[in-house]
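Please read the structure below before turning to the comments.
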Amino acid sequence: MAFIKEESEDIRIEKAFRVKHEDTEEQTDTMPPKEERQELNEMEEKDKNEELYRFFYSYEITKTEKNSSRKRAQKTKSNTCHQCGKSFREKKNLNDHMRVHTGEKPFTCPQCGKSFSLTGNLKIHMRIHTGEKPFTCPQCGRSFSHTGNLTSHMRIHTGEKPYTCQQCGKGFSGKKILNDHVRIHTGEKPYTCQQCGKGFNGKKILKDHMRTHTGEQPYICQQCGKCFSQKANLISHMRIHSGEKPYTCKQCGKSFTKKWNIIKHMRIHTGEKPYTCSQCGKCFRHKPSFDSHMRIHTGENPHSCKLCGKSFTRKGSLKNHMVIHTGEKPFTCDQCGKSFGRKVTLNQHVKIHFKRSVLDVVSME
């Protein structure tokens, strides 16, 4: 069909040329004298040649464009995924895409055996083993193995939060962080601990949780050597050394090292007690107090002494008990210097000094 169409276009050109030629022959009868006629003929011949040149040139351009469009259409058609209809410019890109449907992962890491569908993803993965971090933040100098991680990090400095939760309006610097947050609203917990079955809404939260089972504490304080399983806990701990208390109560001015502590503190002012016992209806301001109370009903004593086997409902009670075995007396009286193993014992002792001081005043009178 394309061949017939091109041939018909050539015939039209011949006709156009013949009509133009006949028109020039008809006009010879009305021409002026010989010299002027010759000059006019030369000018007309020149104009005619230019016009024909433009005509043929525009025809060739149109013909080339049509051929190119046809080739592009044929190429796009040949590089289209038959499963999802997505088109690609190059055959190689289509081949890479097809692995999404087939699940094929031909590129394998020689060090850990993990497989990837794209060679580029394997290259990025290899940086975990090599430690290579070629993308560096120009503001703080922190380096990253992936350019996407650097882009997300830069938003810490710029304050940009382009991803917004449609339910509560909260903004986030990364799409993945937003996805984890949305699960708070949906209640979805796709990441499950294989050891205890507990579910989590984010992969990083599960990773942090796994350290409770492994005992791993990779975050070390450079000042005192104390170790932590989570980076956030190390950051909070460092404020003990620096004295920093960035969270301040707007009502009473009291400051805190942790955000969670100010949230709990605010309930003193609001009177909020969000934890309610389903068995007796008693309400609590803090979850640890609620958990301890619930053990009264269940009879559970999860905190056991490793030395004598005695069990307690609260961790604090076990800690107080351990003083019996260690002989430690961390609570000291400011007035007489006497030390005690429990704070409650110190408080009782302080009352002795208070009573004595009252009696001394009375006797003086």
Check segment 178-190 and report whether any residue there is surrounded by 12 or more Cβ atoms within 10 Å (Cβ to Cβ), modelled with pLDDT of 90 or more and of a type in the set (V, I, T). yes
Whether any residue in segment 267-288 is assigned to a helix (DSSP H, G or I), touching a Lys or Arg at 6+ places or on another chain (Cβ under 7 Å) and either among the charged types (D, E, K, R) or touching a residue at least 40 places away in the same chain (Cβ under 8 Å) (or both) is what I want to check. yes
Filter segment 219-242 for residues that are open to solvent by 60 Å² or more (accessible area, probe 1.4 Å) and outside any helix (DSSP H, G or I) and give the result. Y219, I220, Q222, Q223, C224, K226, Q230
Kindly list, by first and then second residue, each pair from a residue in segment 128-151 that is closer than 17 Å to Q111 by Cβ to a residue that is of a type in the set (K, R), limited to pairs with Cβ atoms under 7 Å and residues at least 6 apart or on different chains. S145/R127; S145/K133
Within segment 152-177, the residues that are of a type in the set (S, T, N, Q), within 15 Å of the chain's Cα centre (by Cα) and at pLDDT 90 or above are T164
Across segment 259-277, which residue is farthest from R295 (Cα to Cα) among those that are of a type in the set (D, E, K, R) and surrounded by 14 or more Cβ atoms within 10 Å (Cβ to Cβ)? R267
F135 in contact with a helix residue (DSSP H, G or I) (Cβ under 8 Å, 6 or more places away or on another chain), within 28 Å of P190 (Cβ to Cβ), surrounded by 15 or more Cβ atoms within 10 Å (Cβ to Cβ) and hydrophobic (A, V, I, L, M, F, W, C): no
Segment 158-169, subset over 22 Å from K231 (Cβ atoms) and part of a loop (DSSP other than H, G, I, E, B), residue least open to solvent (accessible area, probe 1.4 Å): C165
Looking for something touching a strand residue (DSSP E or B) at 6+ places or on another chain (Cβ under 6 Å), of a type in the set (D, E, K, R) and closer than 30 Å to T248 by Cα - is there at least one such residue anywhere in segment 324-343? yes
Go over the candidates R142, R155 one by one and state the one that is open to solvent by less than 70 Å² (accessible area, probe 1.4 Å), of a type in the set (D, E, K, R) and within 23 Å of K231 (Cα to Cα). R155
Tally of residues being loosely packed, with under 14 Cβ neighbours inside 10 Å, within 30 Å of Q279 (Cβ to Cβ) and in contact with a helix residue (DSSP H, G or I) (Cβ under 9 Å, 6 or more places away or on another chain) across segment 312-342: 2
Out of segment 193-216, which residues are of a type in the set (S, T, N, Q) and either surrounded by 12 or more Cβ atoms within 10 Å (Cβ to Cβ) or assigned to a helix (DSSP H, G or I) (or both)? N201, T212, T214
Can you find, within segment 245-258, the residue that is most open to solvent (accessible area, probe 1.4 Å) among those that are over 28 Å from the mean Cα position of the chain (by Cα) and among the charged types (D, E, K, R)? K250
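The values are calculated or read from the model by the stated rules, or taken from the named source; none is laboratory data. Since the structure is predicted, the reported quantities are computational estimates derived from the model, not experimental observations. For neighbour counting, all protein chains shown are included, and Cβ atoms are generated from backbone atoms with ideal geometry for every residue, glycine included. With ligands, DNA and RNA removed, areas are computed over all heavy atoms of the protein, side chains included. Shrake-Rupley method; radii C 1.70, N 1.55, O 1.52, S 1.80 Å.
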